[in-house]
Amino acid sequence: MYTVTKRVEISSAHSLRLPYESKCRNLHGHNWIIDVTCQSETLNEDGMVLDFVKIKEIVGKLDHANINEILGNGINPTAENIAKWICDRVPLCVKVSVQESEGNTAIYERI
């Protein structure tokens, strides 16, 4: 099994839809650290699991953006949902870690 992990740092904003009072309901920003892990039993014709550039392109869609607008109305842009959104779009992705601040990290893994 081949495994690659790409770390991407982005800055973006979001506001959470919560049923309780929270300052996170207001539009606010983070400097996110996102780790994307992909796996494959075989390498492609270029000798790669997946070009790191492809991962950066997908995660880069969130950079300097309002994540609420990128994910769409039906998805509350929590770190957990952001991790799944990325994993669903990156080929061969098995795990995404989204750190929104020091000490706060969400991980989505395909089982």
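Test each condition in (1) assigned to a loop (DSSP other than H, G, I, E, B); (2) under 19 Å from Leu16 (Cα atoms); (3) not hydrophobic (A, V, I, L, M, F, W, C) for Gly47 and report the one that comes out false.
(2)
Within region 46-68, is there a residue that is surrounded by fewer than 11 Cβ atoms within 10 Å (Cβ to Cβ), farther than 21 Å from Ser97 by Cβ and at pLDDT 95 or above?
Checking region 46-68: at least one residue is surrounded by fewer than 11 Cβ atoms within 10 Å (Cβ to Cβ), farther than 21 Å from Ser97 by Cβ and at pLDDT 95 or above.
Within region 1-54, restricting attention to residues that are touching a residue at least 40 places away in the same chain (Cβ under 8 Å) and among the small types (Gly, Ala, Ser), which residue is farthest from Asn81 (Cα to Cα)?
Ser40
Out of everything in region 64-95 that is among the hydrophobic types (A, V, I, L, M, F, W, C) and in contact with an Asp or Glu (Cβ under 7 Å, 6 or more places away or on another chain), what residue ends up being nearest to Arg17 (Cα to Cα)?
Ala79
Within region 71-98, work out how many residues are touching a strand residue (DSSP E or B) at 6+ places or on another chain (Cβ under 6 Å) and either within 25 Å of Asn44 (Cβ to Cβ) or buried (at least 19 other Cβ atoms within 10 Å of the Cβ) (or both).
Residues in region 71-98 being touching a strand residue (DSSP E or B) at 6+ places or on another chain (Cβ under 6 Å) and either within 25 Å of Asn44 (Cβ to Cβ) or buried (at least 19 other Cβ atoms within 10 Å of the Cβ) (or both): 15 in total.
Considering only residues that are assigned to a loop (DSSP other than H, G, I, E, B) and in contact (Cβ under 8 Å) with a residue 40 or more places away in the chain, which ones fall in region 55-81?
Leu62, Asp63, His64, Ala65, Asn76, Pro77, Thr78, listed by residue number.
Answer yes or no: is there a residue in region 16-39 that is of a type in the set (S, T, N, Q), out of contact with any His (no Cβ under 6 Å at 6 or more places or on another chain) and surrounded by 15 or more Cβ atoms within 10 Å (Cβ to Cβ).
Checking region 16-39: at least one residue is of a type in the set (S, T, N, Q), out of contact with any His (no Cβ under 6 Å at 6 or more places or on another chain) and surrounded by 15 or more Cβ atoms within 10 Å (Cβ to Cβ).
The values are calculated or read from the model by the stated rules, or taken from the named source; none is laboratory data. Please read these numbers as outputs of a predicted model, since none were measured by experiment. Quick reminder, even Gly has a Cβ in these numbers, built from the backbone with ideal geometry, and neighbours come from all protein chains shown.
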